[in-house]
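Derivation of every value follows stated rules applied to the coordinates shown; laboratory data play no part. Nothing here was measured: the structure is a model prediction, and the numbers come from that model. Backbone-built Cβ (ideal geometry, glycine too); neighbour counts: all protein chains shown.
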Amino acid sequence: MSKPEYSILLLGGDGIGPEVTAEAAAVLDELSASPNARATFKFVPRAFGGCSIDENGVSVTDETLEQGKSCDAILMGAVGGPKWDGKRRGFEGPEGATLRLREVTDVYANIRPTEYFPQGKSPLREELVRGTKYIVLRENCGGAFYGPKVEEPDYASDLWSYKRSEIERIARMAATLALSPAVPVKKVISCDKANVLASSRIWRRIVEETITKEFPEVELVHQLADSATTLMMTKPSMFNGVIVADNTFGDILSDLAAVIPGTLGVLPSGCLADLPAPAWTPGLKPVKGFFEPVHGSAPDIAGQGIANPIGAILSAALMLRYSFGLFEEAKAIEDAVNLTLESGLRTKDMGGSSSTKELGSAIRENLKKLL
Ligand SMILES: NC(=O)c1ccc[n+]([C@@H]2O[C@H](COP(=O)([O-])OP(=O)(O)OC[C@H]3O[C@@H](n4cnc5c(N)ncnc54)[C@H](O)[C@@H]3O)[C@@H](O)[C@H]2O)c1
Ligand SMILES: CC(C)[C@H](C(=O)O)[C@@H](O)C(=O)O
Ligand SMILES: [Mg+2]
């Protein structure tokens, strides 16, 4: 059987977005060019976010949304920046492009892994953080982000609601990931505010029902989201496994997880529309996924060529693993990143002086040796 050519909607976005996605796309090109390639990748680039407002008058065109639905996967940098702040917000602003594309592709499960590594720059004491490795799984298509909004000069509201089917599917995803080799412990830590919010009480009840009934081998614990933040900093390894949280809490907890490696610049993220693809077999049907680093457009360092490309490159690795079932290739990218860091190269956020391009090119050189 001939190898598949996967089409990737490539959305550089704003600020450092295009700088880091260029490096992630170059890594995928390197894989395509390898004689051992089991798949190749072709890119469909489009303006997205603030740059699309400038170019097209809207943060995402209908045509780009259609491309998002028809392509095999989406690779995005980040959107937004001071140029557009205050002019248009919510679904009309640059960030709205991300929200709308997530919604139309129904990528409900946002997988945001974090781990401690000695070459990082964690502000936490080594003996505290050593061995920490978990995934923050954020519900990505519901809750306060998507509820009806009222926005008036003197009053505003966001409806924060969840229904059974939305909670069941994210609970199944959490348990599935807890059973995967991506985490060291078969444990799900569900974070909510069931002491206060009705939407958290239904969350807790249905997470409990679904996981205990369908995944008895997975340990499930519930943790209030506010105290979870303290514990994530004081006892980080107790979260080894999968933290599952709704859209709002998951957004916040996944940025907090950047403290483990010490910089947002290395954290990848992938949003899936279904349970992960099984290991690659010829003819495998890809799982639709939207891959983007956790970080934003970092206007403070945009255009300087110093952004850390690792979060974007590792997001491409997540794409290979979870959308395409290309486990070995995903691991090769992760190994190439580790080898590069071990050689001492670092961008400024990790205490080094390498440029985005230098780091990206060193990662590709190491990858070539592993393919
Ligand atoms: N996925 C997205 O599109 C996305 C995600 C988050 C924020 N945003 C948007 O990005 C803009 C800026 O948001 P913010 O400042 O709150 O968060 P941010 O993640 O852009 O930046 C926070 C800090 O982390 C640093 N940082 C982030 N990524 C880095 C990288 N790859 N290398 C080195 N340092 C890095 C920045 O320099 C900054 O000091 C806002 O408009 C926000 O809405 C977009
Ligand atoms: C930019 C914004 C829409 C986005 C979110 O809140 O989902 C970002 O913060 C993220 O974490 O991906
Ligand atoms: Mg966020």
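Classify the range 7-163 as rounded, prolate or oblate, taking a ≥ b ≥ c as the square roots of the eigenvalues of its Cα gyration tensor: rounded when a/c is under 1.5, otherwise prolate if a/b is larger than b/c and oblate if not. Here the range 7-163 falls in the oblate category.
With helices as the sole contributors, the chain gives -11500 deg cm²/dmol at 222 nm; each DSSP H run of n ≥ 4 counts as -39500 (n - 2.57), and the sum is divided by every residue. Site pair E92 and D255 shows an inter-label distance of 2.4 nm when each label is modelled 7 Å from Cα along Cα→Cβ. A rounded overall shape is assigned to the chain, the ratio a/c of its alpha-carbon gyration tensor axes (a ≥ b ≥ c) being less than 1.5.
Computed about the Cα centre, the dipole magnitude for the range 122-260 is approximately 520 debye when only Lys and Arg (+1) and Asp and Glu (-1) carry charge, each at its Cβ.
Listed by chain and number, the lysines placed with their C-alpha closer than 16 angstrom to that of K186 are K133, K213; residues fewer than eight positions away on the same chain are left out.
In a DSSP loop and with at most 11 other Cβ atoms within 10 Å, the GluC sites (Glu not before Pro) in the range 160-263 are E217.
Restriction of the trypsin sites (Lys or Arg not before Pro) in the range 44-112 to DSSP coil positions whose beta-carbon has at most 12 other beta-carbons within 10 angstrom yields K87. The range 1-72 and the range 249-282 have their alpha-carbon centroids 18 Å apart.
Spin-label model, D158/K121: points 7 Å from Cα along the beta carbon direction are separated by 3.0 nm. Inter-part distance, the range 129-154 to the range 163-186, computed on C-alpha centroids, equals 16 Å. Distance between the modelled labels on K348 and V104, one decimal in nanometres: 3.6 nm (7 Å Cα→Cβ projection). Annotation: for a label point projected 7 angstrom from Cα along Cα→Cβ of M233, residues of the range 249-274 with backbone N closer than 16 Å are 252-264. What's the FRET efficiency of Q304 with F43 using the Cβ-Cβ distance as r and R₀ = 30 Å, to the nearest 0.05? It comes out at approximately 0.75.
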